[in-house]
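The values are calculated or read from the model by the stated rules, or taken from the named source; none is laboratory data. Every value quoted in this text rests on a predicted model; they were computed, and no experiment measured them. Reconstructed Cβ throughout: ideal geometry from the backbone, glycine too, with neighbour counts over all protein chains shown. These accessible areas exclude ligands, DNA and RNA; they are computed on the full protein's heavy atoms, side chains included. Shrake-Rupley method; radii C 1.70, N 1.55, O 1.52, S 1.80 Å.
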Amino acid sequence: MTILVGLLLLAGCALAFIAALGLHRLPDVFCRMHAATKPAALGITLVLIGAALSLSETAAVTKLILVIALQLLTVPVGAHMIGRAAYRAGGLLVEGTTPDELADAFEGHKRLPTP
């Protein structure tokens, strides 16, 4: 059990580190948003599962399961809202990004000009 907990913690920390690298290295807000949500959400989930396996108190494990559920429910919604706000604010796309699938969805809405 200790080895499994250690592996889960290491995998979760590795995914969080990869997410941090993605935030630093990726070129635009949309790519960074992807790096900040997917690996980070899975990373924290693995860390919390590892913590839950190492605990014996039912109340603590229940709280960790609740945190995992809330994390997996709120992260995609937050990323979606950040993406919409960045697009509306005129967030720059990386050169070569095609097609602009949101152009039709935001037709008629004011979009700030790109600097």
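Can you name the residue in the stretch 68-81 that is of a type outside the set (Gly, Ala, Ser) and either open to solvent by less than 70 Å² (accessible area, probe 1.4 Å) or not in a helix (DSSP H, G or I) (or both) and is also farthest from residue 41 (Cα to Cα) among such residues? Talk me through it step by step, then tell me what you get.
Kept after step one, since they are of a type outside the set (Gly, Ala, Ser), are these residues of the stretch 68-81: 68, 70-77, 80-81.
If we keep only those that are either open to solvent by less than 70 Å² (accessible area, probe 1.4 Å) or not in a helix (DSSP H, G or I) (or both) as well, we get 68, 71, 75.
Values: 68: 9, 71: 7, 75: 7 Å.
Within the stretch 68-81, the match that is farthest from residue 41 (Cα to Cα) is 68.
What number of residues within the stretch 39-61 satisfy the criterion of being open to solvent by 60 Å² or more (accessible area, probe 1.4 Å) and within 23 Å of the chain's Cα centre (by Cα)? Before you say what the answer is, go through the steps one by one.
Step one: of the stretch 39-61, the residues open to solvent by 60 Å² or more (accessible area, probe 1.4 Å) are 42, 44, 49, 53-59.
Now narrow it down to the ones that are within 23 Å of the chain's Cα centre (by Cα): 42, 44, 49.
Residues in the stretch 39-61 being open to solvent by 60 Å² or more (accessible area, probe 1.4 Å) and within 23 Å of the chain's Cα centre (by Cα): 3 in total.
State yes or no: is residue 63 at pLDDT 90 or above, part of a helix (DSSP H, G or I) and of a type in the set (Lys, Arg)?
Details: at pLDDT 90 or above: yes; part of a helix (DSSP H, G or I): yes; of a type in the set (Lys, Arg): yes.
For residue 63, the condition - at pLDDT 90 or above, part of a helix (DSSP H, G or I) and of a type in the set (Lys, Arg) - is met.
Taking the options 32, 84, 88, name whichever one is in contact with a Gly (Cβ under 8 Å, 6 or more places away or on another chain) and open to solvent by 60 Å² or more (accessible area, probe 1.4 Å). Show your work before the answer.
On the way: 84 fails: in contact with a Gly (Cβ under 8 Å, 6 or more places away or on another chain); 88 fails: in contact with a Gly (Cβ under 8 Å, 6 or more places away or on another chain).
One residue alone meets the criteria, 32.
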Revision key, fill the gap. When every residue in the stretch 19-29 that is in contact (Cβ under 8 Å) with a residue 24 or more places away in the chain and aliphatic (A, V, I, L, M) is compared, the one surrounded by the most Cβ atoms within 10 Å (Cβ to Cβ) is 19
Exercise for review: For the stretch 8-26, state whether one or more residues are within 28 Å of residue 88 (Cβ to Cβ), of a type in the set (Phe, Trp, Tyr) and part of a helix (DSSP H, G or I).
Suggested key: no
Review point. With (1) part of a loop (DSSP other than H, G, I, E, B); (2) closer than 28 Å to residue 95 by Cβ as the list, and residue 56 as the residue in question, which single condition is left unmet?
Key: (2)
